[in-house]
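First up is the structure itself, then whatever we jot down about it.
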Amino acid sequence: MTDKETASSGETFVFRANQSDRVVVYGQNTAGVVDGFNGLSKNIGCFEVVFPSSYRARDLDKNPIDPYGIAPDVFVNEKVDVLH
């Protein structure tokens, strides 16, 4: 189950899980923030250097995730009342 709150590591998990034919994602689009990266910074005196510390997809130029998110295989409307 995904929605707009699925971001960062959660979105990376969905991206990697989608590589399997046995995974079916239900919900809404993810947050759309995985194209960026978590950065580690180091002050080297004259400026701050930031380098990536997390996974990035190799095909971002063809299939960007930001700002749309990863679409689910099966869309589930968030307004559906599942209790009744």
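Looking at segment 2-17, can you tell me whether even one residue there is modelled with pLDDT under 85 and either hydrophobic (A, V, I, L, M, F, W, C) or at positive phi (or both)?
If we filter segment 2-17 for residues that are modelled with pLDDT under 85, which is where we start, we get 8-9, 12.
Right, trim to either hydrophobic (A, V, I, L, M, F, W, C) or at positive phi (or both) and you get 8.
Taking every residue of segment 2-17 in turn, at least one turns out to be modelled with pLDDT under 85 and either hydrophobic (A, V, I, L, M, F, W, C) or at positive phi (or both).
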- Query: Going by the structure shown, is residue 22 open to solvent by 90 Å² or more (accessible area, probe 1.4 Å), at pLDDT 85 or above and part of a loop (DSSP other than H, G, I, E, B)?
  - Reply: yes
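The values are calculated or read from the model by the stated rules, or taken from the named source; none is laboratory data. Note that the coordinates shown come from a computational prediction; the quantities given were computed from them, not determined experimentally. SASA here: full protein model, heavy atoms, side chains in, ligands and nucleic acids out. Shrake-Rupley method; radii C 1.70, N 1.55, O 1.52, S 1.80 Å.
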